[in-house]
Amino acid sequence: MAARVDSLYFFLIGLTVFFSLLIAGLIVTYAVRFRRRTPDSIGAVIHGGLMLEVTWSVIPFLITMGIFFWGASVFVAMSRPPDQTLNVYVVGKQWMWKFQHLDGQREINELHVPVGRAVKLIMTSEDVIHDVYVPAFRVKADVIPGRYTHLWFEPTKPGTYHLFCAEYCGTRHSGMIGQIVVMEPNDYQSWLSGGTEEGSLASAGQKLFADLACNTCHRPDAQGRGPVLQNLFGKTVELASGERVVVDEAYIRESILNPMAKVTLGFQPIMPTFQGLVNEEGLLELIEYVKSLKQDNPNAQ
Amino acid sequence: MPSRTALLPPHHYLNDGYGITSWLLTRDHKRIALLYLAGVTFFFFVGGAFAVLIRLELATPAGDLVNDETYNKLFTMHGVMMVFFFLIPAIPSVLGNFLIPIMIGAKDLAFPKLNLASWYIYVIGSLFTLYAIVSGGLDTGWTFYTPFSTIASTSNVIPAALGIFITGFSSILTGLNFIVTIHRMRAPGLTWFRLPLFIWSHYATSLIMVLGTPVIAITIIMVAADRLFHFGIFDPAVGGDPVLFQHLFWFYSHPAVYIMILPAMGVISELVAAFCRKQVFGYTFVAFASLGIAVLGFLVWGHHMFVAGQSVYAALVFSILSFLVAIPSAVKVFNWTATMYKGSIAWETPMLYAIGFIGLFTIGGLTGLFLAAVGLDVHVTDTYFIVAHFHYIMVGGTIMAYLGGLHYWWPKISGRLYNERMAKVSAVIIFIGFNLTFFPQFLLGYLGMPRRYHAYPPEFQVLNVLSSAGASILGVGYLIPMVYLMWSLRYGKLAGSNPWGAVGLEWNTTSPPPTANFAETPIVTWAAYEYPTTVEGHVA
């Protein structure tokens with residue numbers, strides 16, 4: 001991806017140099033060649049030329065449309081992560097980055113990933129807008145409170161890369177930096193297995209699910225007062241309002257914090273809000289737990 | 001070509017009344033223009049002083065000169081001062097105010113009292129914002145992004161925003177005044193297609209001022225409601241949307257870029273025509289390009305938000321529209337260049353500024369294509385690449401044109417000539433200083449240095465040092481004109497009515513012009529920039 005961005009960049013550098021030199025060359029040539037020789041002289045009487053106007057409107061139009069399609073194709077590729085990604089949750093807050101691996105590892109201002117695998121970051125903020133920017137990978141995305149935004153990259157070379165916050169977020173904005181550590185797969189495996197006492201993110205979510213007594217209504221057997229969550233993630237559900245909505249991270253988050261907003265068809269709007277009871281990290285744990293609820297999954301109750 | 005026997009006219013707008021009230025209560029558009037000149041010059045140097053401190057801090061990677069909180073306030077106040085109190089009013093309120101009535105053969109603007117009121121509104125607004133600065137400062141960035149500005153910042157958001165809110169009305173009323181004046185007060189025979197291109201560009205600018213500015217006013221009210229009364233419009237914790245602010249803000253602030261650059265383009269058309277003694281090539285295309293930019297400028301705001309969680313489809317639509325707005329700008333550059341072909345080109349100071357403008361605007365415009373190309377924008381947005389790009393447009397474009405225009409019309413405004421040699425030297429210093437300051441920033445941005453960083457990794461230092469060195473040259477370049485222009489007021493040679501041998505109604509009256517602009521209303525029978533076979537009058 002970085003190579004695709006760079007080839008567009010260098011093409012545009014070439015274009016900029018060409019047109020800048022063309023204009024500068026013409027201006028300087030004319031300014032010298034047609035300099036005023038006697039104080040009273042005037043320029044030639046030329047009003048314009050339709051053909052020239054059309055030419056220098058159409059050529060830039062065609063060039064810019066070409067660049068548009070080029071830039072658009074790079075962007076579309078950037079916006080579509082592959083099906084199989086290594087997911088990492090990111091929570092930004094003034095002024096630090098918190099990374100949460102699915103296996104349970106937590107990191108601050110540092111993210112370890114293996115080389116050669118597509119990594120997808122699922123990101124939100126606890127306070128103001130931040131932005132994850134890794135210049136080496138040519139990726140950047142705002143991290144917005146109340147939403148999940150995504151960003152993916154596939155590191156190709158082990159090493160340590162800058163991570164910057166690229167959206168101004170207050171006093172220590174320029175200190176909200178860190179690094180992405182890209183490791184060989186073996187090193188990554190040994191890093192993963194070292195120093196983790198906590199269980200996986202989903203199991204933490206399962207515990208929270210029980211602590212908050214979600215399981216009294218959301219039961220696996222269709223007898224509960226709330227919808228069954230097994231095999232729900234990624235499905236489309238029909239709402240009481242007649243709308244249809246895809247169950248994604250944002251929908252689960254909204255349903256926990258603002259349950260009345262989108263009530264599933266056939267259920268009473270009786271769920272209380274959990275606003276203030278669950279923090280951003282807790283929400284991510286619950287989301288990951290819901291994602292893990294598949295029939296063949298040991299976490300399924 | 002200084003005048004040999006020029007005399008100061010016995011009665012002109014500068015000697016029509018003395019004393020402070022003759023200025024503070026004047027309804028003469030020319031005096032009001034000078035009141036604005038005093039205001040925008042003050043804010044230019046205040047904003048410039050902040051820039052000097054920013055560049056000093058960035059000369060070293062560590063944040064050692066000022067602390068992070070102070071640094072954030074410096075770049076915020078630099079932006080606020082320069083954008084709202086210098087760049088937006090500079091050309092329209094000074095040069096436009098002075099020249100629009102004269103160029104169309106009118107005695108004054110349509111609403112002289114409203115014009116004076118606009119200046120007072122500008123001053124009152126600026127006082128609120130200055131108060132915000134001296135009583136502790138503002139740290140939100142000139143962009144006031146929510147929810148930082150509404151829930152997190154502890155700085156003086158309300159007084160600063162109130163100042164911008166108030167000043168906006170000055171902009172709206174000025175735009176309104178210009179539109180009515182251009183429609184209703186043209187001299188007999190001065191049809192739309194005989195108007196100088198300066199008038200066309202100010203007409204287009206005025207449309208943006210009138211239609212766009214209310215949106216920023218509403219947005220500021222929403223920020224204040226959130227901050228003071230916790231409405232939660234932009235607060236996700238209560239169902240609000242922080243990104244909504246960005247839509248509203250850029251719906252005004254992108255067109256505001258055209259408020260800054262369109263009048264500059266109008267100045268350049270005048271300068272190129274006058275110093276080539278030639279009609280502007282493709283007059284109608286240049287005129288309609290201004291309107292095209294004004295209209296398309298309202299449809300591209302989303303290109304500021306390609307990484308702000310916008311949908312892919314929205315990003316693609318804003319990308320293609322942003323490319324379209326580049327075309328009328330390119331058309332203008334080609335037409336100015338073509339105007340020089342077979343001109344009678346005088347290397348006077350204003351023409352040096354015009355040439356500088358065309359070169360720098362070309363680079364500024366072409367680097368805009370990098371940002372419109374959405375896949376590439378992702379990498380360079382919010383880095384120094386953006387900073388470099390918009391300074392090429394605003395400083396390399398607007399300020400070069402403003403200074404070029406100020407030099408061109410200075411003999412008309414003051415009745416006197418400035419020191420041509422010093423003026424040329426400072427124009428060259430500004431050009432060199434500008435490029436040394438901002439060109440390295442393109443490279444910094446591509447290498448990944450984010451903007452608004454108080455401290456940065458050491459590998460970025462060399463380019464930052466170059467940029468800071470350039471800024472010191474640029475600063476000197478801006479101070480020199482202050483000196484020789486002030487000096488010329490007293491000691492400059494008398495200019496006579498038409499020191500450049502240019503056509504245009506403003507050169508058909510005395511320098512300085514009488515309060516009523518013309519002894520009798522001119523009757524226009526010629527097109528703009530129609531040069532007679534020999535030029536008379538410039539040797540008064």
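The values are calculated or read from the model by the stated rules, or taken from the named source; none is laboratory data. If you're wondering where the values come from, they're calculated on a predicted model, not measured in any experiment. Ideal geometry is used to build each Cβ from the backbone, glycine not excepted, and the neighbour counts take in all protein chains shown.
Quick look at the numbers
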| quantity | calculated |
| --- | --- |
| Any hit, the stretch A:67-83, residues being more than 10 Å from chain B (Cβ to nearest Cβ), under 41 Å from the mean Cα position of the chain (by Cα) and not in a loop (DSSP other than H, G, I, E, B) | no |
| Qualifying residue in the stretch B:493-501 (condition: in contact with a Leu (Cβ under 9 Å, 6 or more places away or on another chain), within 12 Å of chain A (Cβ to nearest Cβ), touching a residue at least 24 places away in the same chain (Cβ under 8 Å) and more than 25 Å from B:LEU406 (Cα to Cα)) | no |
| Number of positions in the stretch B:373-389 that are part of a helix (DSSP H, G or I) and either of a type in the set (Ser, Thr, Tyr) or touching a strand residue (DSSP E or B) at 6+ places or on another chain (Cβ under 6 Å) (or both) | 2 |
| Positions within the stretch A:16-38 being closer than 22 Å to B:ASN435 by Cα and either of a type in the set (Val, Ile, Thr) or within 7 Å of chain B (Cβ to nearest Cβ) (or both), in sequence order | A:THR16, A:VAL17, A:PHE19, A:SER20, A:ILE23, A:ALA24, A:LEU26, A:ILE27, A:VAL28, A:THR29, A:ALA31 |
| Residue match in the stretch A:186-198 (condition: polar (S, T, N, Q), assigned to a loop (DSSP other than H, G, I, E, B), within 30 Å of A:VAL247 (Cβ to Cβ) and in contact (Cβ under 8 Å) with a residue 40 or more places away in the chain) | yes |
| Within the stretch B:46-90, tally of residues that are hydrophobic (A, V, I, L, M, F, W, C), out of contact with any helix residue (DSSP H, G or I) (no Cβ under 8 Å at 6 or more places or on another chain) and in contact (Cβ under 8 Å) with a residue 12 or more places away in the chain | 1 |
| Leading residue by the ranking (nearest to the other protein chains (Cβ to nearest Cβ)) among those in the stretch B:370-384 that are in contact with a His (Cβ under 9 Å, 6 or more places away or on another chain) and touching a residue at least 24 places away in the same chain (Cβ under 8 Å) | B:VAL374 |
| In the stretch B:508-540, residue modelled with the lowest pLDDT [restricted to those that are within 14 Å of chain A (Cβ to nearest Cβ) and either within 27 Å of the chain's Cα centre (by Cα) or exposed (fewer than 14 other Cβ atoms within 10 Å of the Cβ) (or both)] | B:GLU536 |
| Members of the stretch B:155-198 that are under 25 Å from B:VAL272 (Cβ atoms) and part of a loop (DSSP other than H, G, I, E, B) | B:ARG186, B:ALA187, B:GLY189, B:LEU190, B:THR191, B:LEU195, B:PRO196 |
| Residues (within 19 Å of A:GLU249 (Cβ to Cβ) and within 9 Å of the chain's Cα centre (by Cα)) located in the stretch A:140-167 | A:ALA141, A:ASP142, A:VAL143, A:TYR148, A:THR149, A:HIS150, A:LEU151, A:TRP152 |
| Subset tally (residues that are crowded, with 21+ Cβ neighbours inside 10 Å and either assigned to a helix (DSSP H, G or I) or more than 10 Å from chain A (Cβ to nearest Cβ) (or both)) for the stretch B:137-154 | 5 |
| Residue check for A:LYS98: within 17 Å of B:ALA308 (Cα to Cα) and not in a loop (DSSP other than H, G, I, E, B) | no |
| Residues of the stretch A:44-58 satisfying the condition of being over 11 Å from B:GLY282 (Cα atoms) and in a loop (DSSP other than H, G, I, E, B) | A:ALA44, A:VAL45 |
| Selection count, the stretch B:368-388, where residues are under 25 Å from B:GLN461 (Cα atoms) and surrounded by 24 or more Cβ atoms within 10 Å (Cβ to Cβ) | 12 |
| Among the residues listed as B:SER201, B:SER253, B:SER269, the single one being polar (S, T, N, Q), surrounded by fewer than 24 Cβ atoms within 10 Å (Cβ to Cβ) and either over 19 Å from the mean Cα position of the chain (by Cα) or assigned to a helix (DSSP H, G or I) (or both) | B:SER253 |
| Residues of the stretch B:429-453 satisfying the condition of being of a type in the set (A, V, I, L, M) and more than 14 Å from chain A (Cβ to nearest Cβ) | B:ILE429, B:ILE430, B:ILE432, B:LEU436 |
| Whichever residue in the stretch B:335-344 is surrounded by 24 or more Cβ atoms within 10 Å (Cβ to Cβ) and over 21 Å from the mean Cα position of the chain (by Cα) and, among such residues, is farthest from the other protein chains (Cβ to nearest Cβ) | B:THR339 |
| Flag if A:GLU126 is more than 9 Å from chain B (Cβ to nearest Cβ), under 28 Å from B:ASP241 (Cβ atoms) and surrounded by fewer than 17 Cβ atoms within 10 Å (Cβ to Cβ) | yes |
| Every residue from the stretch A:11-43 that is among the hydroxyl-bearing types (Ser, Thr, Tyr), outside any loop (DSSP other than H, G, I, E, B) and loosely packed, with under 15 Cβ neighbours inside 10 Å | A:THR29 |
| Inter-residue pairs, beta-carbon under 8 Å, first on the phi > 0 side of the Ramachandran plot and within 7 Å of chain B (Cβ to nearest Cβ) and in the stretch A:165-184, second in a helix (DSSP H, G or I) and surrounded by fewer than 21 Cβ atoms within 10 Å (Cβ to Cβ), 6+ apart | A:GLY170/B:ALA152 |
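Conditions (1) over 23 Å from B:GLY396 (Cα atoms); (2) within 14 Å of another protein chain (Cβ to nearest Cβ); (3) surrounded by 21 or more Cβ atoms within 10 Å (Cβ to Cβ), marked per residue:
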site	(1), (2), (3)
B:MET422	no, no, no
B:VAL425	no, no, no
B:ALA455	yes, yes, no
B:GLY470	no, no, yes
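A quick yes/no check of all residues on (1) exposed (fewer than 13 other Cβ atoms within 10 Å of the Cβ); (2) in the same structural domain as A:PHE99 (by TED's automatic domain parsing); (3) free of Cβ contacts under 8 Å to residues at least 12 places away in the same chain; (4) part of a strand (DSSP E or B):
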| residue | (1), (2), (3), (4) |
| --- | --- |
| A:GLY234 | yes, no, no, no |
| A:GLU238 | yes, no, no, yes |
| A:ILE256 | no, no, no, no |
| A:LYS262 | no, no, no, no |
| A:PRO269 | yes, no, no, no |
| A:LEU284 | no, no, no, no |
| A:GLU288 | no, no, no, no |
